[in-house]
Amino acid sequence: MNYLSLIVFTLATCGTPGPNNTLVMASGVSFGFRRSIPGVVGINTGFPIMVILIGFGLGGFLERWPVALDVLRPIGAAYLLYLAYQIATAPVDDLEAEATKPLTFTKTALFQFVNPKAWVMIVGALVIYTSTDGSFGWQVLAVALVFLVFGTPCTVAWLLMGVGLRRVISKPAQFRIFNVVMAVTLVLSLIPILFEIRDSLA
């Protein structure tokens, strides 16, 4: 296994904009660093678990029953639209913001299984960086570990960007604009999966 190449792949995919990073950044702006930590931990726990599940059987199940992925795609798209709505309509004044809750560990961990970008990243990594040479099981675990070790700092970096913006964004109108921009970004990340859904229905 080419670990250096896998690390570069992990940094490139986990560090670029996507549903996870958009949600984390928005959480950093709205709730600050400490209250956003459970969501970050959930993302970086759920993702490696998903790598292991796909590597040890779920991938074979999807090959046998590809329609399952066709069902997961619209569910994931619908949930992302719901999250975008939640971000866009989140309370923006201090009193109301205190009544809202940041993303939880459980929600972000489970979200990985309907996150379109997560599926593309994991399937791509397993196809490219595992082989029949040596123990396939250990290779799957190595991929999961690399995503955990090198993906987590990427997520934390996006959270810190959100926390930094929190210091700049001080007025309710500015919070509203930021939330709407984050919601639109989240919706735009759906474009590739919407094309896949359209193709599967064609």
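The values are calculated or read from the model by the stated rules, or taken from the named source; none is laboratory data. Note that the structure is a prediction, hence the values are computed from the model and not measured. We place every Cβ from the backbone using ideal geometry, glycine too, and count neighbours over all the protein chains shown.
Taken over the stretch 135-166, the criterion of being modelled with pLDDT under 85 and either more than 17 Å from Val24 (Cβ to Cβ) or surrounded by 18 or more Cβ atoms within 10 Å (Cβ to Cβ) (or both) is satisfied by Ser135, Phe136, Gly137. Within the stretch 1-24, the residues that satisfy the criterion of being outside any helix (DSSP H, G or I) and over 30 Å from Tyr82 (Cα atoms) are Met1, Asn2. For the stretch 69-81, indicate whether the set of residues that are closer than 30 Å to Ala173 by Cα, among the aliphatic types (A, V, I, L, M), at pLDDT 75 or above and touching a Phe, Trp or Tyr at 6+ places or on another chain (Cβ under 9 Å) is non-empty. No, there is no match, as no residue in the stretch 69-81 is closer than 30 Å to Ala173 by Cα, among the aliphatic types (A, V, I, L, M), at pLDDT 75 or above and touching a Phe, Trp or Tyr at 6+ places or on another chain (Cβ under 9 Å). Evaluating Val41 against the criteria (1) farther than 16 Å from Leu160 by Cβ; (2) at pLDDT 85 or above leaves one unmet condition, (1). Filtered by the rule that a residue be among the aromatic types (Phe, Trp, Tyr), surrounded by fewer than 20 Cβ atoms within 10 Å (Cβ to Cβ) and either under 13 Å from Ser5 (Cβ atoms) or in contact with a Phe, Trp or Tyr (Cβ under 8 Å, 6 or more places away or on another chain) (or both), the stretch 109-134 gives a lone residue, Tyr129.
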